[in-house]
Amino acid sequence: MSDTNLTQPDSFGRHWVYVTEAEIRSHKKGHFGTFIWLVCLWFICVGGLEVILGANTTLVRLFFGALLFFTGVGLCVRKRFAYLLALFIPLVFIIRFFSTAAGYGTGSISPSQYYDLCNAMITIGVCFYLFEGDRPNFIFRRRYRSYRTELEQELR
């Protein structure tokens, strides 16, 4: 891969090299690793569970579950729009956890709050990995970080 597509540094001073889909698929780092498959599986399973739970409660939860499920499927087939959804849609878990954690004057914690807490913690880790990880940036955003340029900037 050549550095001809080097762009200006982003707001954090990192340089990125943009590549084509064909270059990604031919590179060994362009294939899904175990952790990316686990992230896709998490979206699909939790989305399916939300659909099942939402079928008996509210239409909003049903829609949210379907959106999570299709985000996981989209990640499996490398859709860039699914990558964006994967960064923002799961934040509903964090909002839902804090809205129920504020409580309604109760001192006890319900199982649904534990479920939302676990999903909120997983969501934070998944979002950081998808946004900052080298492999997700390479696969989904079609770019990789150029450390050579950063070293040249430091030497000047």
Restricting attention to the range 113-156, and to residues there that are in contact with a strand residue (DSSP E or B) (Cβ under 7 Å, 6 or more places away or on another chain) and of a type in the set (Lys, Arg), which single residue is modelled with the lowest pLDDT? Arg145
Does Leu67 count as surrounded by 15 or more Cβ atoms within 10 Å (Cβ to Cβ) and either in contact with a helix residue (DSSP H, G or I) (Cβ under 7 Å, 6 or more places away or on another chain) or modelled with pLDDT of 90 or more (or both)? yes
Do you know which residues across the range 1-21 are of a type in the set (A, V, I, L, M) and at pLDDT below 75? Met1, Leu6
May I ask you to list the residues in the range 20-43 that are of a type in the set (A, V, I, L, M), closer than 22 Å to Leu87 by Cα and either touching a Cys at 6+ places or on another chain (Cβ under 6 Å) or surrounded by fewer than 18 Cβ atoms within 10 Å (Cβ to Cβ) (or both)? Leu38, Leu41
For residues that are in contact with a helix residue (DSSP H, G or I) (Cβ under 9 Å, 6 or more places away or on another chain) and either modelled with pLDDT under 85 or not in a helix (DSSP H, G or I) (or both), scanning just the range 77-94, find the one that is surrounded by the fewest Cβ atoms within 10 Å (Cβ to Cβ). Leu91
Just name the residue that is modelled with the highest pLDDT out of those in the range 95-105 that are surrounded by fewer than 18 Cβ atoms within 10 Å (Cβ to Cβ) and within 22 Å of Ile124 (Cβ to Cβ). Ile95
Taking the range 123-148 and keeping only residues that are crowded, with 17+ Cβ neighbours inside 10 Å, outside any strand (DSSP E or B) and of a type in the set (Phe, Trp, Tyr), one is left with Phe138, Phe140
In the set Val46, Val51, the lone residue that is touching a Phe, Trp or Tyr at 6+ places or on another chain (Cβ under 8 Å) and either part of a helix (DSSP H, G or I) or of a type outside the set (Ser, Thr, Tyr) (or both) is Val51
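The values are calculated or read from the model by the stated rules, or taken from the named source; none is laboratory data. The model shown is predicted, which means the values in this text are computed figures rather than measured ones. Neighbour counts run over all protein chains shown; Cβ positions are idealised from the backbone, glycine included.
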